[in-house]
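The values are calculated or read from the model by the stated rules, or taken from the named source; none is laboratory data. Given the structure is predicted, the values throughout are model-derived calculations rather than measurements. Don't worry about glycine lacking a Cβ; one is built from the backbone with ideal geometry, like all the others, and counts go over all protein chains shown.
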Amino acid sequence: MSTESQLRADIVEVGRRMYARGYTASNDGNISVRLGPDRLLMTPKSVCKGFMTPDVMCVTDLEGRKLQGDRDPSSEMLMHLEVYRQRPDVQAVVHAHPPIATGFAVAGIPLDRAVLAEVLTTLGSIPIAEYATPSTKELPEAVRKYVKAHDGMLLANHGALTLGADLFGAYYKMETIEHFAKISLVARLLGRENLISREEVMRLQGLRDSYGIKAPAPICAPDDLPQDQAACQVVQAPSSPGARLVPDMPGPANEEGEIRLTYRELSALIEDAIRNLR
Ligand SMILES: [Zn+2]
């Protein structure tokens, strides 16, 4: 395990990157890491994560009692404590408000479609934990449902939470979520998503083992049993034994029965209709 001075420096660096990439504004966000079996190192309340120094961090126990530090620990400490209680394998927790992923969290759209192979092998699915008042004990209650099976989740109308086997591992998952959200947004703006078929998703899941990627739970499709968000990572992937990619339009368009066509497709339809009239 890294030394305390190294971990303090690493939290400073992760905070700097989060702020530089616009994942937090003002004093938003918080970061913590295990110092030992019963001690955590955590960012303090009310500091900008872009300009921290190693000496500002707090040391707490797993009940949240401050053991060391001039400032009080993060206002989201209860959420961090819940994660460490539920997941003995987790060494670090990162919380931020990356704007595009948070936009999905505000729209109530989880990042759970089978779109990118690398996201499927690392995070599986990224669900949305129900809305909870920030900094209260509602927030740990909301994340409890998903934390056993997921290393990353959105927090409704709030932000995102990632967990890792080390501090940079947790931070990189935050980068992956925001990058995935950006790509998903562009695909949806373009009007369609080609989804990875369920059969290919299962093949990717097999690659987790060959590449030694540790995931807290297996991927499952929504109609697989059990549909338990606490036991598996539910991924929206259409079954298609014949094709690895399945053209699809984002949910809301389908639900409202809307049909989207490219200009070329529309022109071809009109030309066809005119030809039939003659
Ligand atoms: Zn927050």
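Quick one: in segment 151-175, of everything that is closer than 15 Å to GLY124 by Cβ and charged (D, E, K, R), which residue is surrounded by the fewest Cβ atoms within 10 Å (Cβ to Cβ)? Filtering first and then ranking leaves LYS173.
Scanning segment 105-141 for residues that are buried (at least 22 other Cβ atoms within 10 Å of the Cβ) and either under 15 Å from GLU82 (Cβ atoms) or among the polar types (S, T, N, Q) (or both) yields SER125, ALA129, LEU139.
May I ask you to verify whether PRO88 is more than 18 Å from HIS158 (Cβ to Cβ) and modelled with pLDDT under 95? If you could, list the steps in order and put the result at the bottom.
Details: more than 18 Å from HIS158 (Cβ to Cβ): yes; modelled with pLDDT under 95: no.
So PRO88 fails the test.
Filtered by the rule that a residue be within 15 Å of ILE100 (Cα to Cα), within 8 Å of the chain's Cα centre (by Cα) and not aliphatic (A, V, I, L, M), segment 159-177 gives LYS173, THR176. Does GLU178 count as touching a helix residue (DSSP H, G or I) at 6+ places or on another chain (Cβ under 9 Å) and surrounded by 16 or more Cβ atoms within 10 Å (Cβ to Cβ)? Here the answer is yes, as GLU178 does meet what is asked.
Note on segment 188-205: residues that are surrounded by fewer than 15 Cβ atoms within 10 Å (Cβ to Cβ) and over 11 Å from LEU120 (Cα atoms) total 5. Sub-9 Å Cβ pairs linking a first residue in segment 248-269 that is at pLDDT 60 or above and surrounded by 11 or more Cβ atoms within 10 Å (Cβ to Cβ) to a second residue that is acidic (Asp, Glu) and not in a helix (DSSP H, G or I), at least 6 apart or interchain, are ASP248/GLU193; MET249/GLU193; MET249/GLU258; PRO250/GLU193, ordered by first then second residue.
Go over the candidates SER5, SER75 one by one and state the one that is at negative phi and modelled with pLDDT under 95. Can you show your working first?
Working: SER5 fails: modelled with pLDDT under 95.
Exactly one of SER5, SER75 is at negative phi and modelled with pLDDT under 95, namely SER75.
Select from segment 94-122 the residues that are within 12 Å of the ligand (Cβ to nearest atom) and touching a Ser or Thr at 6+ places or on another chain (Cβ under 9 Å) and list them in ascending order. Across segment 94-122, the qualifying residues are VAL94, HIS95, ALA96, HIS97, PRO98. The residues of segment 108-135 include none that are without any contact (Cβ under 8 Å) to a residue 12 or more places away in the chain and not hydroxyl-bearing (Ser, Thr, Tyr).
Starting from residues that are buried (at least 16 other Cβ atoms within 10 Å of the Cβ), of a type outside the set (A, V, I, L, M, F, W, C) and touching a Lys or Arg at 6+ places or on another chain (Cβ under 9 Å), keep the ones in segment 29-53 and report whichever is nearest to VAL83 (Cα to Cα). For segment 29-53, the residue satisfying everything is ASN30. If you scan segment 136-194, which residues turn out to be of a type outside the set (D, E, K, R) and without any contact (Cβ under 8 Å) to a residue 12 or more places away in the chain? Hits for segment 136-194 are TYR172, HIS179, VAL186, LEU189, LEU190.
When ARG87 is tested against the conditions (1) under 30 Å from SER2 (Cα atoms); (2) more than 16 Å from the ligand (Cβ to nearest atom); (3) buried (at least 22 other Cβ atoms within 10 Å of the Cβ), the lone failure is (3).
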